[in-house]
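The values are calculated or read from the model by the stated rules, or taken from the named source; none is laboratory data. Source: prediction; values computed, not measured. Quick reminder, even Gly has a Cβ in these numbers, built from the backbone with ideal geometry, and neighbours come from all protein chains shown. The protein model used for the area step is the full one, side chains on, heavy atoms only, and it has no ligands, DNA or RNA in it. Shrake-Rupley method; radii C 1.70, N 1.55, O 1.52, S 1.80 Å.
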Amino acid sequence: MEGNNGWNYLFENLPHWRIRDRFPYVYDQLTQSPSGEYAILIYSIAEVSMCNEVGCLAVFESREHPVLILNAYKAHFSPQSPVFSANGRYVCLKSQMYLSGQNRVECPLLLLDLYDRQFTVLTMDTHSYQIAIQNQTDKELVLRLTPYSKPSESEQQISIQIAELLWHPFQEINMLERWLKR
């Protein structure tokens, strides 16, 4: 993989890496945390439907000796820049998941806690918004949502109480459908 910013890992061993052997125009996007301690890789990005490019997610720790701490391949992620909190602990990512039993696509916002290696699923509608973590304390995250297409719409702020979230260990990331059933 080109542009790996010194993160040397056998990326070809990741699930679904080899789709590039069957499909043209597959690419990857690696983003480092502000401290450089973590890397977020959205990989094997391909156009799955018209104007909808998504890939799998891998999260690494320690650039000198990269360790894969999270690999999500059942949900898909758009080639966006992950949104890190100021201290690099939290990461917001927009995701997409096809729920075959319900024949629908769900687009939750995933919040990763890199320090405690856990995630939560936020089912708020963020599809048409740019997301930023505006403020963070030990008890609260404040997200700022800015509309992409309608500048006349005002920004929204959403306060998330960390203690009220239902957290799941990273090992359960590929069981997302279980957390999204209504």
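A few remarks follow.
- Other residues with beta-carbon under 13 Å from the beta-carbon of S44 carry, at +1 per Lys or Arg and -1 per Asp or Glu, a net charge of -2.
- If only the Cβ of Lys and Arg carry +1 and only the Cβ of Asp and Glu carry -1, the dipole of region 1-141 around its Cα centre is close to 260 debye.
- Accessible area in square angstrom per residue, region 70-175, 1.4 angstrom probe: 52 Å²
- Equivalent ellipsoid dimensions for the chain as semi-axes, Å, which come from the Cα gyration tensor, largest first: 24, 21, 17
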